[in-house]
Amino acid sequence: TDLVLKPQAKPYTSTGFTLEKGATLTILPGTKVTMALPKGVKDFQIGYAHSNININGTLIIGGKGSGKSAPVVFNGSAPRLFFNDAKLEINNWDVVAAKYQFLGDNNGNISNVNFYIEQSSIPSVAPSVFTVTVPKTGKLTFTDCLIDDQGIDIISSDFPNDLDRFAMIKCAFTSKLKNNKLSQRFMPITMFAYGTKCDCHVDITFKAFDWPLKKSLST
């Protein structure tokens with residue numbers, strides 16, 4: 001049913017939840033939620049097991065408008081986060097997850113969100129991919145968001161006719177160096193058609209950087 005979460009001294013805790021279609025979850029600025037593994041997870045399952053958050057209804061996070069306020073924070077054991085035909089009004093959210101998938105006709109505005117990723121430490125588990133389905137009706141817009149160290153998968157059955165139904169504006173996509181190796185992160189060509197003023201950032205570490213540089217280059 002409809003629910004409003006307000007800031008409190010002790011963070012809310014959750015082992016995963018489903019926001020049903022027709023219901024509204026409102027999370028006010030400054031609210032913190034600590035995620036935990038589902039009950040019954042054994043030690044040998046840690047690294048494979050995740051809780052799930054399924055958003056099928058209306059999710060309202062943070063303050064209204066484009067102004068910044070205290071962020072809503074989701075941390076702890078990274079869940080898998082699924083948005084399914086949801087209505088979204090999200091502003092100023094810091095969230096750590098193991099997977100992000102926007103499936104079906106999600107509609108609304110998502111701004112000032114840091115989509116942090118917790119990659120699995122198990123070699124056999126594939127790197128996470130940020131998946132977004134372009135809605136067939138309505139519009140979904142990401143503005144001033146960070147997509148942290150993930151591949152990108154934009155799913156469209158009507159490109160380029162659906163360019164007015166999905167947009168990423170001033171978003172940033174990062175790749176990080178791990179164990180002296182740069183994991184490949186894939187971004188489809190269509191991403192650049194939907195995107196406006198977006199940045200791609202690669203974190204590179206030099207073992208030695210001791211040669212002289214001309215002033216213009218060092219600047």
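The values are calculated or read from the model by the stated rules, or taken from the named source; none is laboratory data. No experiment lies behind these values; they were computed from the predicted model shown. Cβ coordinates were reconstructed from backbone atoms using ideal geometry, including for glycine residues, and neighbour counts include every protein chain displayed. Heavy atoms of the whole protein, side chains included, go into the accessibility calculation; ligands, DNA and RNA do not. Shrake-Rupley method; radii C 1.70, N 1.55, O 1.52, S 1.80 Å.
Screening Ala86 against (1) of a type in the set (Gly, Ala, Ser); (2) on the phi > 0 side of the Ramachandran plot; (3) touching a residue at least 60 places away in the same chain (Cβ under 8 Å) leaves a single unmet condition, (2).
Residue-wise test of (1) farther than 20 Å from Phe130 by Cα; (2) open to solvent by 40 Å² or more (accessible area, probe 1.4 Å); (3) touching an Asp or Glu at 6+ places or on another chain (Cβ under 7 Å); (4) of a type outside the set (Lys, Arg).
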site: Lys6; (1), (2), (3), (4): yes, yes, no, no
site: Thr26; (1), (2), (3), (4): yes, no, no, yes
site: Gly40; (1), (2), (3), (4): yes, yes, no, yes
site: Ile53; (1), (2), (3), (4): no, no, no, yes
site: Lys64; (1), (2), (3), (4): yes, yes, no, no
site: Ala70; (1), (2), (3), (4): yes, yes, no, yes
site: Pro79; (1), (2), (3), (4): no, no, no, yes
site: Asn91; (1), (2), (3), (4): no, no, no, yes
site: Asn109; (1), (2), (3), (4): no, yes, yes, yes
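Here the condition is being under 14 Å from the mean Cα position of the chain (by Cα) and either among the acidic types (Asp, Glu) or surrounded by 18 or more Cβ atoms within 10 Å (Cβ to Cβ) (or both); of Gln119, Gln150, it holds for Gln150 alone.
Taking the criterion of being modelled with pLDDT of 90 or more and not in a strand (DSSP E or B), the residues of segment 151-192 that qualify are Ser156, Ser157, Asp158, Phe159, Pro160, Asn161, Asp162, Leu163, Asp164, Arg165, Lys170, Cys171.
A Cβ distance below 8 Å, combined with a sequence gap of six or more or placement on separate chains, defines the contacts here; from segment 157-168, residues that are within 14 Å of Asp105 (Cβ to Cβ) and open to solvent by 40 Å² or more (accessible area, probe 1.4 Å) reach residues that are modelled with pLDDT of 95 or more and charged (D, E, K, R) in the pairs Ser157/Lys136; Asp158/Lys136; Arg165/Lys136; Arg165/Lys139.
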